[in-house]
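Derivation of every value follows stated rules applied to the coordinates shown; laboratory data play no part. Predicted model, so just to flag it, every value in this text is computed and none were measured. Positions of Cβ are backbone-derived with ideal geometry, glycine not excepted, and every protein chain shown enters the neighbour counts.
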Amino acid sequence: MSLYVIGDLHLHFAAPLKAQNQLKDRVWKNHEKKFEKYCRALIREDDTLLLAGDHSWGRTLQEAMPDLQYISELPGRKILLRGNHDMFWDAAKTDHLNERFSAAWQTAGLASPLYFLQNNYYPYEDYALVGTKGFTFEGPFYLNRSGRIIGWDEEKEAHARKLIERELGRLCISFEKAREDGYRKFIMFLHYPPTDILETESGFTRMAEEFGAEQVIYAHSHGESRFHDSILGEMNGVRYQLVSGDFLKWHPYQVL
Ligand SMILES: [Fe+2]
Ligand SMILES: [Fe+2]
């Protein structure tokens, strides 16, 4: 039994493609075919595959359905985390998604159940898989002539802080529920990186340390220039790993 993760499939079987770079960059060419092939070679039915957000360009559940069907046909137990582009997924209605696509997956027309991670957790052996979308401040930043950041949009930064607080609350609920059920070992998943480019630590890294998460796994950063936006490797006893699909070139990353 193994645990795999990858993020940012950005599927668009029934939705208009919004990202121009997805068309231009070679790594995105037939990415859903490459990814499916790698999954079939690697993942067994008793394995778990966590998808770390930005599943679909669909703006509604109807538009996202072919993408969710594609995911449901992949091998293993599939757990989905919410990304910033997942418009089909209203965080407040996660229970509804779980009822429809995990409890009643056959009638929903899926090949296997899908599990949605939000204000809950999922067990994996003696670990609890916890997580939330997260959030980071992404500017605008103001640069001097040599490209150094000398300021930023303070109004947008204040708004970002509010969203970060809300996401920290959701993450805390996920950890607390697992802890109440007796779990002491955690793998923490975020869609956004745990820190923005101005930070070396954040509320997310502090919460990971407070609960003793062994690993923090995040996605969202696309393209060579963004792969080093946040922490990679070990910090204060926690291992940080970026798993956006184009970073992994569509090979699922083995967590455990
Ligand atoms: Fe993405
Ligand atoms: Fe994203």
### Task
Go ahead and estimate [θ] at 222 nm for the chain from helices alone: -39,500 (n - 2.57) per DSSP H run with n ≥ 4, summed, over the residue count, rounded to 500.
-8500 deg cm²/dmol
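Which of rounded, prolate or oblate describes region 81-230 when judged by the alpha-carbon gyration tensor and an a/c cut-off of 1.5? Don't skip to the end; give the middle numbers.
Working: a/c = 2.28, a/b = 1.66, b/c = 1.37.
Here region 81-230 falls in the prolate category.
Among the listed pairs Lys24/Lys78; Lys33/Lys177; Lys18/Lys177; Lys34/Lys156, give every one whose C-alpha distance is greater than 31 Å. Write down the numbers at each step before the final one.
Values: Lys24/Lys78 29 Å; Lys33/Lys177 37 Å; Lys18/Lys177 37 Å; Lys34/Lys156 38 Å.
Correct reply: Lys33/Lys177; Lys18/Lys177; Lys34/Lys156.
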### Summary
Charge dipole of region 116-235 built from unit charges on the beta carbon (Lys, Arg +1; Asp, Glu -1), centred at mean Cα; most positive-end Cα among Phe211, Ile197, Ile187 is Ile197
### Message
So for region 1-153, averaging the separation of alpha carbon pairs under 8 Å that are six or more residues apart and normalising by length, what relative contact order in percent results?
### Response
20
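Is region 3-254 best put as rounded, prolate or oblate by its Cα gyration tensor, with a ≥ b ≥ c the root eigenvalues, rounded for a/c under 1.5, and otherwise prolate when a/b is larger than b/c, oblate when not? Write out the running numbers ahead of the final one.
On the way: a/c = 1.56, a/b = 1.20, b/c = 1.30.
The shape class here is oblate.
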### Message
About the Cα centre, and with charges only on the beta carbon of Lys, Arg (+1) and Asp, Glu (-1), how big is the dipole of region 31-83? Nearest 20 debye, please.
### Response
100
### Summary
For region 3-254, the charge dipole (Cβ of Lys, Arg +1; Cβ of Asp, Glu -1; about the Cα centre) points to a positive end, and the Cα of Cys172, Ser244, Ala103 closest to that extreme belongs to Ser244
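Note down the magnitude of the dipole of region 54-171 about its Cα centre, charges +1 on Lys and Arg C-beta and -1 on Asp and Glu C-beta and zero elsewhere, to the nearest 20 debye. It would help to have the intermediate numbers written out before the result.
Working: 14 positive and 17 negative charges, 32 e Å.
In debye, rounded to 20, region 54-171 gives about 160.
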### Query
Antiparallel as a % of all DSSP beta bridges within the chain, to the nearest 5?
30
### Rounded to whole Hz, the Karplus (6.51, -1.76, 1.60) HN-Hα couplings of region 20-33, x for glycine and proline
4, 4, 5, 7, 7, 6, 4, 4, 8, 5, 6, 4, 5, 6
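Using Cα pairs under 8 angstrom and six or more residues apart, how large is the relative contact order of region 80-136, in percent? It would help to have the intermediate numbers written out before the result.
Values: 60 pairs, mean separation 20.0, N = 57.
For region 80-136, the relative contact order is 35 percent.
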